[in-house]
Structures are given as structure tokens and as C-alpha cells.
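The values are calculated or read from the model by the stated rules, or taken from the named source; none is laboratory data. This is a predicted model, so every value here is computed, not measured. Cβ sites come from the backbone with ideal geometry, for glycine too, and all protein chains shown count toward neighbours. To get the accessible areas, we keep the full protein, side chains included, count just its heavy atoms, and leave off ligands, DNA and RNA. Shrake-Rupley method; radii C 1.70, N 1.55, O 1.52, S 1.80 Å.
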Number of protein chains: 4
Amino acid sequence: MGNTFGRLFSITTFGESHGKALGAVVDGCPAGLEIAEKAIQYQLDRRKPGQSKITTNRSEADTVQILSGVYEGRSLGTSIGMLIANQDARSASYKDMRDLYRPGHADYTYDARYGFRDWRGGGRASARETAARVAAGAIAGILIKELARIECLAWVEQIHKIKSDIELESVDATGVESNIVRCPDQTAAEKMIEAITQAKQKGNSLGGKIRFRIDNCPPGLGSPVFDKLTAEMAGGLMSIPATRSVAFGLGEAAIEMTGEEHNDPFVMDEQQRISTETNNAGGMLGGISNGQPIYGTVCFKPTATILRTQKSVSRQGENIEFKARGRHDPCVLPRAVPIVEAMLNLVLADHMLQFAIATTGRLKQIFEKG
Amino acid sequence: MGNTFGRLFSITTFGESHGKALGAVVDGCPAGLEIAEKAIQYQLDRRKPGQSKITTNRSEADTVQILSGVYEGRSLGTSIGMLIANQDARSASYKDMRDLYRPGHADYTYDARYGFRDWRGGGRASARETAARVAAGAIAGILIKELARIECLAWVEQIHKIKSDIELESVDATGVESNIVRCPDQTAAEKMIEAITQAKQKGNSLGGKIRFRIDNCPPGLGSPVFDKLTAEMAGGLMSIPATRSVAFGLGEAAIEMTGEEHNDPFVMDEQQRISTETNNAGGMLGGISNGQPIYGTVCFKPTATILRTQKSVSRQGENIEFKARGRHDPCVLPRAVPIVEAMLNLVLADHMLQFAIATTGRLKQIFEKG
Amino acid sequence: MGNTFGRLFSITTFGESHGKALGAVVDGCPAGLEIAEKAIQYQLDRRKPGQSKITTNRSEADTVQILSGVYEGRSLGTSIGMLIANQDARSASYKDMRDLYRPGHADYTYDARYGFRDWRGGGRASARETAARVAAGAIAGILIKELARIECLAWVEQIHKIKSDIELESVDATGVESNIVRCPDQTAAEKMIEAITQAKQKGNSLGGKIRFRIDNCPPGLGSPVFDKLTAEMAGGLMSIPATRSVAFGLGEAAIEMTGEEHNDPFVMDEQQRISTETNNAGGMLGGISNGQPIYGTVCFKPTATILRTQKSVSRQGENIEFKARGRHDPCVLPRAVPIVEAMLNLVLADHMLQFAIATTGRLKQIFEKG
Amino acid sequence: MGNTFGRLFSITTFGESHGKALGAVVDGCPAGLEIAEKAIQYQLDRRKPGQSKITTNRSEADTVQILSGVYEGRSLGTSIGMLIANQDARSASYKDMRDLYRPGHADYTYDARYGFRDWRGGGRASARETAARVAAGAIAGILIKELARIECLAWVEQIHKIKSDIELESVDATGVESNIVRCPDQTAAEKMIEAITQAKQKGNSLGGKIRFRIDNCPPGLGSPVFDKLTAEMAGGLMSIPATRSVAFGLGEAAIEMTGEEHNDPFVMDEQQRISTETNNAGGMLGGISNGQPIYGTVCFKPTATILRTQKSVSRQGENIEFKARGRHDPCVLPRAVPIVEAMLNLVLADHMLQFAIATTGRLKQIFEKG
């Protein structure tokens, strides 16, 4: 239980960090969608380890193999199986730690839940599982772009105390990919890279904040009262390892405004579409998209693995000290950018399908043609 | 779609603000649980309108009727149907606004999604639907208390710019209920009540922050990788009307710490149980409870309804000005406290059931006895 | 768990035989559907007790109340709550039997599952719960008729050893409703009524077979590999109380044919549509509708309640003899006809929505218009 | 959609007949279960093609690879990924048939649903997909045996017009596996093998009936009102390719009995457990297991592929004649035996988990120990 995400467009994933392979099964992808393996690979490359000097040294090609559900480049409508082999696992580094609980990690909680665990590289609790999400999210991304030109863009806004300063609307994919920390503010990016490099040298780690923006989302997506777009995005984003908070629109800053200040007046735009003068709400009202850009943030804690002596306890209940070994990211943010996008893509793909069947009128279009 | 919450312990709700009634069906509540109608009513009373001078004037008894699933005071294991009648709807106030889109409300997005809407009192988008959640959440609360003495406690931490100052651990239910704004810091509470009163007089509205704490949650709750306790709570909380952000543990503040500062060292406590020296993580690691108190926050925007002239557009696409009528809360926070608790109760009940079946060992206890 | 049926168009029901009320919540009904309360009531009237001399004497009006989700006669897209009050429960008749297990009934199995039960009138295990299904199924029936003129028709084919003889294609609703046993073969119907009347006089009971036919189902409905139309219909039908078997097309008779005999050759029909020369398959291939009439059968055991002395055991584990009291149907078939139709309607409504989102092409029709 | 089966113990499968591989992801398998790869392989070997002279000539080793979720021979509680490679696909034989619709097959219905299809070997509609079910069902089988010694046994009861004659209670696994048609009545088995051999020589095909029996199922399994054990088994079994009917207990024969004849009187057995004198009900009452052996039947139509000239239509809508090529089973029954067992295992595993959480009392056993 817990390895499936989504209702209509759904993914089921599997795989441990040092097991044979990771995988994802996408179910509910409508037939006839052109799916290029290289488009999936591109997203996996953005997430893969060893991509730069500020990420972990683990070296994985993360090559995706599509095993089913795609024929002659198009989705069949049946379930899409994808596989990513593990190739550079070095479990020996973890052997000393198999009987202790690393602080900030899920070692203890997995034991509490399941009675035992795969200690090699963190097992299923490793962020390595997110490769499967990124592969599946890439397909969702193709779908939502194909159907309505929706695009999800995420970037690093803050690392530790270094904040970037850039207009929400001005960010584009090129800017995000122009440096290894994925912060479109080049000045801040340099400082972030330096900070992460120093943390790495000290065996310490840093956290940060990712911001995202979704363009071209049509109005009407989101299923009240529980599966609101806000709720589903929050759930999906908070399922990413190391997340601590999710916010939409102005987030916490909305608190200090009055209703009069925060409400976005509706106004007809130049194309005579219903629009809003401001977008404090972040593109969603009542948990349903309103046609304005959706935006928000996700915060990530500093990586739990640090290469410094820490206090902890053993499985046997003794107080101990230990120093971790193993390769790790001194800061997860640069690699988390495509993961955030993947989760947003998945939520949106699911909700485009939910939207399609929400009125009798839309359904009639289909059945009268059929 | 979208009206069911939870997988094993699930609720399905229905009802519009000015319709005949609201209702909830609880499915998956284990048999044999003692359920007193008055325990449910107590929670509904905490949420009901008209409870104080800083809430809406709408007067609803919100009396719950249990229609099924409980026999001689105990749950039957079958679905529990509950009904709450609407008695004081005054739809006339909304008639003038039926063909325009109120800023900050879901009028436009419901139209975009469904093609038409019940404009009376906001229809299904009204926060009135949360009465059904509170009724169902009360049953979940009884279950988790019965099984493991778990208790969820929420309170108002901030209203607009007024922040309370109180130790997380020191808050208790009596403190929360000791004033009408449900802030356990009495000094701050007075200021908050004053601020809300003034906003009401001005026809304006305020937002704020709720903090929650969960005691006695056993370690091991949460279903990775998607149905982590963090993810499910975030999704559940963000489905409450007017929410803008959810955070666990130190939330955004975790960003500015290093891994060494943020990690909570494990330590054996006095009862020789595994504990942590600090609790920056807020009681969850890898999205699974670790036995420490769970805590976090939820922010709410200022109420969308204000009694001031606002700009907007009509359904027909004309730019207009209007001034809202109708009764409303100048600040939703005091009544949102039991709603936050209800959603947390629901997530925990669901995850207690998920935990029970997560190991062969636990299942053997049941089948060997049987 | 177990009180929800359907994935996209779903129903959640509640209610015990002698409790306050029965209810159904329909979620996923697309907005804008015209729903007349009387159309629902008509189906409930066909199912209600006391409708003729061969049904139970319990007298229930089974008046449906729509509590939400419908506004000005049209579905809102939000959840539809419906209520049917219990008015003529006579629990006293069951009091003597509260501590024994009636043969053929679910008394013992409910106790084994839940530890205790509502013994009044069979509680949740009573076929009275199907009133909620019929109400919900009526809405599904309106939807599938509106979208594609699909109609589900069921009738009694056999009671005990009395078989009817009538062409599958010739049956229509008028024929089915023309007598109280709902068998369109009038000669057989008379014998059936006589047989049921005699069984009633003797305090005994009879079973039988219902046949159904679905007209105008478009090709392409059914979600392989697990949610095939066959599988979903079988599951739905077998969830009706007292069912013993479900068959499609020729059913068991298909066994004694060779592949050459059983295969239905495809052929172009007069409107140049793909059709089949024969319809041995019963309108479904690979679990997906092929555009031909769908047909099959459901068998029901003789009613478990008989008014004769029977052997059994008490809750305390003593061998006993007893004679049941309480009102009951000597044969469930006449009232099961609308229940079978309701379950088929529900499956079809769900699968029409699933079909609508199964190709990118169909989705484009919606999003390009939007 | 449609590729997941089960709620708590669930499987998601993927794979086309001539694609790269088939796979299954098992989610919800409780941690700590000893899972030997060879136990899974044994079941796959019983299903694999080319196993005898009366099955298809396609030669597949169907070697299972466990990719995740099992560590040091025990389930981790996380999702279990399994892979079975396709090795002997010969797609050329299907090329001529890519633009026509084979009678009795799902070619046309897949096209109607998805707009195009993988025509190679039947694609996803091929019964080859059931290999993934058998692998997953083997794990379910280990679980239910471990928890309560439940065993599901299926066998061939009838092929075409050849009926076996054997006592339900006397059948065991050795008897079933003692001949290649898997019929424990050796005399009938010989005739069946002969009949299938002849049908094969003539390019024709045969259908038949499988009977199953489930031993040691504890009372109380099944979730009314929709997820009854009967309903779930019926749905699961009817999702197997080529099925036409499912029956429990006496099945259709129950019709011709009166209630007095059909009801199974309860009686205390020698161990002072509640039992029944007869077992006409087939071990389930009200859709819940009653502790008696569960039994029933599934009928399969004759294989759709025949090597004879048949009439059909092309994708372009022309009436044509064709003669199929490609390897196939002249009768699916012998290989369907482990598939039937797999589906029953899956339903039972799911329902053991559902049972475990159905009472507060059972849950207390777990949380009080914890």
C-alpha cells in the first residue's frame, strides 16, 4: 500500500536504492499519445546522480527501458511498464550502519513499521525511488502539453540563507537549466553553488526552497471537496523525500493581508476571457484552477546524511556515536527540480481526465461523434 | 469524484450550503467501537456558526443524526450514515450575485468546471461542507484514542499580524477552549478578538495560522512512498477551504539550518524507548511517525467575502462593481480549529488500519487467536 | 469498507433493514444531467415491498428524498445524497431469533466478521439495502440513456422448475411489467405466480433465473485486463443478495460447442457498421463491448427465510430447533428485476466515463473546444 | 485504468504478448513473509506454454525475476516488482491479420476502445498477460497459507461434452497434477486429452469447465455490501480471458430446490465449532465465508483462434475470408487451472487483510502489544 499515485492517470512504482532495478507502471494514459523514449530520458538525466560537482558521486546512467504499453511510438492505452536498472550500488559502505539508526533518516521508522528493512543505501526510503516518478511524470508532461499546452516549470529559489531575486513570470526553462544549481538568478546561483561546495567539503548539508509555475492550465481543474487541485498537489509534493512545507500563491504571506487586499478582482482580458487583475491566489480558487498561472513553493530540509560524527542509538537500544559513509548529495535541491515538475505533471494529467468527464455536455461531444 | 477521503477508514460527504442537508458516510470504521452521539455533537458545536460574536450570524443547530452503522451505541462495522439538516439558509441575499463572480470565491471556477452551479450560499464550495468532515472526524478521533490514546490538538497561533507566544508542549484543550478565538495565549487572544471585531465592523476580513500537535502517535504510521503520513496530512489539510500552506516540524525555518543542526539525534529515553533529543522533524521521518509528538501549521487566507464594493465580472463577461450581502465569518480561524483536528483524526485512523496490516507478524496475532 | 461501488461514477450506500433510513451518495455523476425525482421513484416502486400478493407484506413507501447534488432539476457535478426512510420495521418478530443463527442467512457470518450484529430484520445483510442501489442505479440509467440511448432490461426467465419460452430480442419493458412476477411469457408467468403463491402458503420459498439484455451499448466499453465489462458486471451482479451464478452470452452452453461453432463471424451490416452474424458472445469480446446486444443471466437461490421448523445453533453453541417469524418474500425474483438493472446501469455509467478518457483523440475534442 | 486488482493486497500488471516483457507489481504484501522465487516459478511453470502436447507450441521459459520488495528471502512491505521476459514471440505470423478482425478475439473491440492496437500475438488481449497474475497470485498463495493454512485448488471438470465424475472433497493437488489436462478423474482425463488432440488436428478448439475448492478459509471474510467474497471472486474470475460464467455452491442447480431443501442447517461439529450439515451454499453466506469449504465453477469458451477458414471484416470495412496462422492452445483449460487459483489467492489475501481490521477488538490486539 502506498506505492500508487493518481486515480485516472495513475502510477505504481517499485524499487530499492541498491536492489536490481526501479520501475514504474503508468495506467490510464490515453491511447494514441506520441511518447518518445528520449523525452523521458531527458527528464531522468536532469535528475540523475553524478550530474555535477554539487551532487552525489554515485554514477548511474538511469537509462529508461519501456517494456510495454507503447507501440510504434504511441501509447496503446494499456499499462506502460518502465524499468531503470541500478548499476553503481556500493552496499559495503552501509554495512557498518545496518544496525543503527541514522538521524534524520527513515531507518528507525521503517523498522518500526515493517519490522526489518533493506539497509543498503536506504532501501526504498532512498530518494533514488524518485527516478521512477520522474519517468512517469515525463509521460504525464507530454500528455498535458499535447492536450492543452500546459507546462510545469520549477526552479531553485533559495539555498540555505541565499535567496534569489527574480520575477515569477520571467523564469523559463533555459534560465533554469543554465547552471548546475537550477536557479535562474545567475548571481544567486553562483553563491548557492559555492555554499553547497563548502558544505560538501565540511561533510555538512543544506536545504532550500523550490518555486514552481504552471502555465496554460485551463480553468476548471480540481475535484472538490477532497481532491482539490491544491490538495492533490500538496499531497503529491509532500510525498517527495525531505519536503517540509508546501504553499500556494502568496503562501504564509497571505496571512498578513486583509480580504480586501488579498482578493483578486476579476476582469475581462484583451481576448475577452475572464481573468484577474492580480494573482495572489496562485491560479486556484476553491481548489480549482481559474486559468491564471498556478504557482507555489516547496521547502526541503538539509540532507539527512552528513559525514560528521553524530549521536544515535543502535537497533539493540544502546546509545552510540557513529560517522556515516556512503555517497550523498550535500543538497537535494538541484536534483529535486525535475521531481517537483514530475509530481505536478502527474496531478495535472489526472485532473485533465477528471475534468473531461465532469459534465454531461463534454461527454456528449464524445458519444455523439463516436 | 472528489467527495471521498481515506482508503481504509474513509468518508464520503455530500451537501450544499443552502440545500436540504449535509451528510457523511463513514466506511471502514471497525466494529465494536463505542460511539456516543454527544461526542460527535461536541465537535460540531465547536464548528457551528453563530457560536460567538466573531463568527457569522447564521444560526444552525447542526444537530447530527446517526442513521445507520451504530447499534446500541457501538459501531456495527457497516457504513455509518450521518445527517445534519440545514435550517437557517437565507438564499435571497445571494440572488443578486447569482450572475456574477465574487472575487476570491469559487463561483467562477465551479462554473468553469461544471457549467453551472448552486449559487445559494456558495453551494458545495461553502465551508459549510466541513460540518460533515467534523462529524466523521469525531468518530475517527474516538477510534484513535481508543486504540492508542492518540490526540490531535489544534489552536490559533496567529491572526493577521498578531502572533501568539506559547510553548508548543504546554498547550492543552482547556487552554484552547478558554476563549472564543481558540488561541491559548490569553493576551494575544484578546488582541485577536479585537482585530477580528474591527475587521467585521469595517466589512473586511482577516487570515491567520493554526498550529497543531498530535500526542501519543505510535511509531510506524505512514505508507511510503506516496501515502506518507506527511503527504496524507498535507493533502487532507489543504482540502480545507481557504488554506494556503501546510508545514511540518520547523517548516520553512528548516531551510536556514545545516543538516548537522537540523538532524534530531536518537537517544534512549528513561523508559528505554527510542526517542530523539530534539524534535525538529515534527515527529515524522521518511513520512512515517517516529513516536515523537507530531506538529505543524496550516495557514488560511483572509475570508473571501467582504462587505465592501469590489470589482468583478458577470457571467456574461461584463466588467462590473458590486457589494456582497450575506452572512459570513470575518475570520475563519476560530471555527477552523476543529476542522483541522478532524482532518488529522481521519488521516490517523486510516493509517492505524494500514499499520495493522503492514507485517505478517501483526496479522498472525489476529489469525492465530481467531 | 465494501460500501462503495464504481470508480468514476461511484455510489456509497448505508442503512440497516430496521434502522432509521437507507441512503446512497452518488459521486462522479457529470453535471448538467436532468434528474427527475419521479424517475428514481418509479424504479424504487418496482422494487418496493408489498407491491403484490407474491411479495413480502412489509409496507414501505420507499419515498426517495434528494438531499444534495441536484439543483433546479439538474445534477451539479457534486455528490448526490439520497435518503429513503424506514417506516414499517417490526423488530419484535426478530427478537426471539437474536441469539440464534438462521440457516441460509448471514447472521453467523456477520457475527464471525464483526463480533456482533444488528439482528433486527437482518440488519445490513437484509436485501432491503438494495433500495439504495436502485435509487442510485436509476440516476446511472438516466445518464447512459442520455449519452447513448443505452437501456438495460431484465426479466424473470425461470422460477423453480418453471421455464419461460420467449425470444431474447422480443422482450420489452411493457412485457416485463405486464404481470407481477415480471416474466414476459404470460403463460409461464401464470404458472410462476401460482408456484410462488403455493410456496408462500407452505411457508417455503423458491429461487429462479433472471435474464438481462442491454441495447445500444456502443463498442469499446470495458477496461482490460481486470476491469473488463464482463468482470465488473459479474462482480456487481454477484454482490446482490442471494445470487449464485452469473453468465454471459450462451453461458455454460458455450462449453459444448467448438470454436468454429461458437465464434461469431464479423460482417458489415446494412448501415455499413461492423456487426456479427451471430451473437453467441453476448455482446462482449475480450471483456469489451462490441456493439451487439449484451445479454446474460443471474441465478438466485430460494429465499433463506422459510416459515418452517429448522435445525440450527445458538450463539452460545447449542444445537436448537426454531421456526422463523417475520415478513419475507417467498421468492425474491420479481423484486430483483430492477436491482439487476440498477447494477448493470451503474457498471455501464462508470464505463462510459472510462471510455471517454481512453484515447488522446477523444480528449482533444474536449480541450480544443474548451 | 483497469490494470490493478485488489484494494489492500493489490497487483498492477503490464505487458503485451509480443512486447519486451510482462510484469507485476504487488503492493500491500505485509512485511516479513518468506517468499521463495522457486515457489513462484512453480506456478508459472504450471501455466507456461509448450508444457505438453495439448498446449500451444510457443516456447517460453517464463522465468520470473524479483526486482524489488524482497530482501534476504523476506518481503520488505514495500512494493514487489516482478519481471517475465518474452523470448519466443513470432510476430510475422500475425502480420497478415493486422488489418482484419479475428472472430471471437478482442481485435475489433480494442480498436473500438483505443483507436489502434498492438496486433502482434493479440497484444495486451492475449492470455499471455495472465503470467503476471500467476506470479502475483503465487505470493498471495504463500501469504494465505502462512496466515491460516488456506489453500485454493482448481481442476478441470469438463472438456466439451466429456464430464468427469469425482467427489468434490476427494480432489487433491497430486491428483490434479497427475495428467496433462489437470483433471483428477483419470478415465475422463484420457478422453479429454484425446478430444483436445483431435480438435488440434482439425484446427478446431474446445471449451470446458473448471471447478475449484478452497480449504481452511476462516469464517468472516468478505466486505458487504459490494465487496462480498462472492462478488470479488466472481469479478476476479470473470476477468480471466475466455470466461463465460461463474457459479458458487450448487450454482444454477440451486434454482430447482426449495428453501427448505437448499438451506444448510447449522450444527455444532465435533470440535464444538459452528458448522453446517450440508454445504449447498459453497462456504459463503451473505457473501461472507462461513468456515465451510468454498467451492464453485468457471466456464471457458472454446479458444477463439482456430486454424480454419473464417468469415470476417477488415479494418477498412470489407467482408473477407481468412485463415489464421500463429501458435495457439486448442483448449485453454489445462493452463487456466493455475490462473483460477491465482485469482482466488489474490481475492483471499486481500480479504484476510480486510478482515484483520474489521473490529476494534482485533486492532487492540495489535496496538496493545506494539
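Worth pointing out:
- Label-to-label distances for A:Arg327 across copies, nearest first, come out at 4.3, 6.5, 7.7 nm, using points 7 Å from Cα in the beta-carbon direction.
- Cβ nearest the rotation axis (C onto B), residue from chain C and distance to the nearest whole Å: C:Thr12, 2
- Relative to the longest principal axis of the Cα atoms of chain C, the long axis of helix C:229-238 makes an angle of roughly 10 degrees.
- Dipole moment magnitude, nearest 20 debye, the range B:4-369 about Cα centre, only Lys, Arg, Asp, Glu C-beta charged: 1740
- Loop-located trypsin sites (Lys or Arg not before Pro) across the range C:270-338 with a Cβ neighbour count of 13 or fewer within 10 Å are C:Arg273, with loop assigned by DSSP.
- Tilt relative to chain A, helix A:37-47 - C-alpha long axis, 0 to 90 degrees, to 10: 50
- The range B:305-320 - phi-based ³J(HN,Hα) in whole Hz, Karplus 6.51/-1.76/1.60, Gly and Pro as x: 6, 10, 9, 10, 5, 10, 8, 6, 10, 8, 4, 7, x, 9, 6, 9
- Ligands, DNA and RNA left out, the accessible area of the protein assembly as shown computed with a 1.4 Å probe is 45% carbon and sulfur.
- Interface B-C: total buried accessible area of about 3400 Å², 1.4 Å probe, protein heavy atoms only.
- 3J(HN,Hα) along the range C:176-188, derived from phi through the Karplus expression 6.51 cos²θ - 1.76 cosθ + 1.60 where θ = phi - 60°, amounts to 5, 7, 6, 8, 6, 9, 6, 10, x, 8, 5, 5, 4 Hz, with x in place of Gly and Pro.
- Point-charge dipole on Cβ atoms (K/R +1, D/E -1) for the protein assembly as shown, about Cα centre, debye to 20: 0
- Chain D: calculated mean residue ellipticity at 222 nm from DSSP helix runs of at least 4, using -39500 (n - 2.57): -9000 deg cm²/dmol
- Amide H within-cut-off set for C:Ser68, under 5 Å, with H built and near neighbours excluded: C:Gly81
- Cleavage-rule hits, GluC sites (Glu not before Pro), the range C:192-287, DSSP coil, Cβ neighbours within 10 Å at most 16: C:Glu270, C:Glu277
- Degrees, to the nearest 10: C:360-369 long Cα axis against longest axis of chain C: 80
- Candidates per GluC sites (Glu not before Pro) in the range A:115-180, loop by DSSP, up to 15 other Cβ within 10 Å: A:Glu167
- Scanning residues 5 or more positions from D:Thr276 or on other chains, those with amide H under 5 Å from its amide H are D:Val267, with H placed 1.01 Å from N in the peptide plane.
- For C:Thr309, label point 7 Å along C-beta direction: distances to other copies, nm: 7.2, 8.8, 9.0
- Contact order relative to length of the range B:4-369, as percent, for alpha carbon pairs under 8 angstrom and 6 or more apart: 22
- GNM flexibility winner over chain B from B:Pro330, B:Pro103, B:Pro49 (Cα, springs under 10 Å): B:Pro103
- Across the options D:Gly236, D:Met192, D:Ser223, the greatest Cα extent toward the positive end of the charge dipole of the range D:191-253 (unit charges at beta carbon of Lys, Arg, Asp, Glu) belongs to D:Met192.
- Cα gyration tensor shape of the range C:170-272, rounded if a/c is under 1.5, else prolate or oblate by comparing a/b with b/c: prolate
- Subtracting the Cα-Cα distance of B:Asn57 and B:Asn319 from their residue separation scaled by 0.36 nm leaves 91.2 nm.
- A simple charge model with +1 on the Cβ of Lys and Arg, -1 on the Cβ of Asp and Glu and nothing else charged puts the dipole of the range B:247-329 at about 1120 debye relative to its Cα centre.
- Across D:Gln201, D:Gln186, D:Gln158, mean-square fluctuation computed from a Gaussian network of chain D (C-alpha pairs under 10 Å connected) peaks at D:Gln201.
- Per-copy distances of the D:Ile180 label point, shortest first, in nm (7 angstrom along Cα→Cβ): 6.1, 6.4, 8.7
- Of the residues C:Gly23, C:Ala127, C:Leu8, the one whose Cα sits farthest towards the positive end of the charge dipole of the range C:1-137 is C:Ala127 (charges of +1 on Lys and Arg Cβ, -1 on Asp and Glu Cβ, taken about the Cα centre).
- Residue-normalised accessible area of the protein assembly as shown, given per residue in Å² at a 1.4 Å probe: 31
- Long-range HN-HN contacts of A:Ser223 with modeled amide H, under 5 Å: A:Lys228, A:Leu229
- Couplings for the range C:267-278, taken from phi via the Karplus curve 6.51 cos²θ - 1.76 cosθ + 1.60 with θ = phi - 60°, read 7, 7, 8, 5, 8, 6, 9, 6, 9, 10, 5, 10 Hz in order; Gly and Pro are left as x.
- Burial here means at least 30 square angstrom less accessible surface with every protein chain in place than with the chain by itself, probed at 1.4 Å; in the range C:94-120 the buried residues are C:Pro103, C:Gly104, C:Tyr108, C:Thr109, C:Tyr110, C:Ala112, C:Arg113, C:Tyr114, C:Phe116, C:Asp118.
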